Amino acid sequence: MRFAPILRNPRRRRLLRSVNPSLAAMSPPAAAHLATASDPDEDLCFTTESVAPAEEIAPPLPAPPPPVSAEERVERAWAHWRRLGSPKMVVAPMVDNSELPFRMLCRRYGATGAYTPMLHSRIFSENEKHRAMEFTTCKEDRPLFVQFCANDPDILLQAAKIVEPYCDYVDINFGCPQRIARRGYYGAFLMDNLPLIKSLVQNLSANLHVPVSCKIRIFPRLEDTLAYAKMLEEAGASLVAVHGRTRDEKDGKKFRADWDAIKAVKDALRIPVLANGNIRHLDDVKDCLEHTGADGVLSAETLLENPALFAGFRTKEWKENGDEDEASGLDQADLVIEYLKLCEQYPVPWRMVRSHVHKMLGDWFRVHPQVREELNAQSKLTFEWLHDMVKRLKDLGGGIPLYRNNNALQTTSNGLAASNA
């Protein structure tokens, strides 16, 4: 089903805007491409039942406030953070993986904040189709960080203006270490050009109504990392998320994140600081917050396998020795079913759905590789086929439950609540 007929109805246009602000502004012909991509995985997983809850269109934001002193800026950063509930457990930005249905699944299981996938500021600001496909949100999707990569302050501001009515922070990606970031000259490869980084932050901070956050990696030398973080704060950042690995430490399994470096940044800054790295289960959340003093943590790769991490569920890999961890009655196939239902409510490209199914069911596919091969051979996915595939996996048996230690969960939850007081 195409979006075009829906968009002719003004009330339906308002409904769609609750999912994607770009869609409401599109004329019917402009929206018709959404279900006609040459690669079926680029189509939206849209069904006739895919209708998001209605909500009011966001009102125009007032003009940015006049410049304030550094002290006032710090006070405002903390006031904003506390208004959001001081979120401790945050879904990290992941390209093609931290989209709306996945964010909502993680929120259902304990996440108290989330980032969008990294959006390319130039493509986002110029291409209406890209916006419609890549940025979706809803009223319940808060607190929300919308992340951009950029190397031009004016283009970044243009993109940020589009999303600021729908988020709580506009975030700048200064941490991506991949080759595509090197070629595009963004992410962690701007660490060689600190004046450009400063100008990107300053321009957003001076011209946006919502606060600016920055996600960074550390330098090999601690003093360089601290000077970098202080520069971001002085340029107008209201929050810094620190991935405790250097630009060259791409493999999270090979290189442990440096929590000492994150602690040093937290001690040096006066604004909220989030810690990223080594979060595999809920005990890691507690340990990281205690070690670093950070105001919250981000998790990425582990959440892709186990979106229920923040609710205290563990995969077998992180099951504690002994009998304290018990099978919870929940497994990753159950999470896939929940995710698919959210995708029916909040359509996203099939490539994202396919990726999540592979990640969440990886352990199951190792037991039944023939089912994975069937999925790989399926050029055009449907919800019916995917639901049937999950049912077949369950019927085949060999599924691995998620584990939970309820006593430890209560202790950890009490500790997190105390640190949030």
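The values are calculated or read from the model by the stated rules, or taken from the named source; none is laboratory data. Model, not experiment: these values are computed from the prediction. Cβ: placed from backbone, ideal geometry, glycine included. Neighbour counts: every protein chain shown. Please note that ligands, DNA and RNA were not included when accessible areas were found on the heavy atoms of the full protein model with its side chains. Shrake-Rupley method; radii C 1.70, N 1.55, O 1.52, S 1.80 Å.
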Completion exercise
Counting only residues that are assigned to a helix (DSSP H, G or I) and touching a strand residue (DSSP E or B) at 6+ places or on another chain (Cβ under 8 Å), region 198-210 contains a total of 4
Exercise for the section: Consider Glu164 carefully, then state whether it is part of a loop (DSSP other than H, G, I, E, B), open to solvent by 10 Å² or more (accessible area, probe 1.4 Å) and of a type in the set (Asp, Glu). Expected result: no
Problem - Residues satisfying the stated conditions in region 220-251, i.e. in a loop (DSSP other than H, G, I, E, B), touching a helix residue (DSSP H, G or I) at 6+ places or on another chain (Cβ under 8 Å) and modelled with pLDDT of 95 or more - result: Gly236, Ala237, Ser238, Gly244
Fill in the blank from the handout: Filtering region 361-390 down to residues that are in contact with a Pro (Cβ under 9 Å, 6 or more places away or on another chain) and either open to solvent by 50 Å² or more (accessible area, probe 1.4 Å) or over 22 Å from Met133 (Cβ atoms) (or both) yields Ser379, Lys380
Exercise for the section: Could you tell me which numbered condition Asn278 fails, if it satisfies all but one of (1) on the phi < 0 side of the Ramachandran plot; (2) free of Cβ contacts under 8 Å to residues at least 40 places away in the same chain? Expected result: (1)
Exercise for the section: Within region 123-134, identify whether any single residue is closer than 30 Å to Asp283 by Cβ and modelled with pLDDT of 95 or more, and answer yes or no. Expected result: no
Handout entry: Residue within region 348-355 that is of a type in the set (Gly, Ala, Ser), at pLDDT 95 or above, in contact with a helix residue (DSSP H, G or I) (Cβ under 9 Å, 6 or more places away or on another chain) and not assigned by the TED database to the domain that holds Phe135 present
Key = yes
Handout entry: Condition broken by Pro347, with the remaining ones in (1) in contact (Cβ under 8 Å) with a residue 24 or more places away in the chain; (2) assigned to a helix (DSSP H, G or I) satisfied
Key = (2)
Handout entry: Tally, over region 82-98, of residues that are open to solvent by less than 10 Å² (accessible area, probe 1.4 Å) and touching a helix residue (DSSP H, G or I) at 6+ places or on another chain (Cβ under 8 Å)
Key = 2
Fill in the blank from the handout: Conditions (1) open to solvent by 10 Å² or more (accessible area, probe 1.4 Å); (2) touching a residue at least 12 places away in the same chain (Cβ under 8 Å); (3) within 21 Å of Gly175 (Cβ to Cβ); (4) part of a helix (DSSP H, G or I) -> Ile123 fails only (2)
Fill in the blank from the handout: Listed by first then second residue, the pairs whose first member lies in region 370-386 and is in a helix (DSSP H, G or I), whose partner is among the small types (Gly, Ala, Ser), with beta carbons under 9 Å and at least 6 positions apart or on separate chains, are Arg372/Gly362
Completion exercise
Flagged in region 55-104 as modelled with pLDDT under 95 and on the phi > 0 side of the Ramachandran plot, in numbering order, are Asp96
Exercise for the section: Look through region 252-286, keep the residues that are of a type in the set (Gly, Ala, Ser) and part of a helix (DSSP H, G or I), and return whichever of them is surrounded by the fewest Cβ atoms within 10 Å (Cβ to Cβ). Expected result: Ala268
Exercise for the section: Starting from region 175-197, take each residue that is in a helix (DSSP H, G or I) and list its partners that are hydroxyl-bearing (Ser, Thr, Tyr) and surrounded by 13 or more Cβ atoms within 10 Å (Cβ to Cβ), counting only C-beta distances under 7 angstrom and pairs at least six apart or across chains. Expected result: Leu194/Tyr228
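Yes or no, residue by residue, for (1) at pLDDT 95 or above; (2) in contact with a Lys or Arg (Cβ under 7 Å, 6 or more places away or on another chain); (3) of a type in the set (A, V, I, L, M); (4) under 15 Å from Met231 (Cα atoms):
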position: Asn173; (1), (2), (3), (4): yes, yes, no, no
position: Gln178; (1), (2), (3), (4): no, no, no, no
position: Gly187; (1), (2), (3), (4): no, no, no, no
position: Leu190; (1), (2), (3), (4): yes, no, yes, yes
position: Ser205; (1), (2), (3), (4): yes, no, no, yes
Exercise for the section: Tell me, yes or no, whether region 120-138 has at least one residue that is under 24 Å from Ile218 (Cα atoms) and either within 15 Å of the chain's Cα centre (by Cα) or assigned by the TED database to the domain that holds Asn207 (or both). Expected result: yes
Handout entry: Filter pass, Ala132 being over 22 Å from Glu233 (Cβ atoms), without any contact (Cβ under 8 Å) to a residue 40 or more places away in the chain and open to solvent by less than 30 Å² (accessible area, probe 1.4 Å)
Key = no
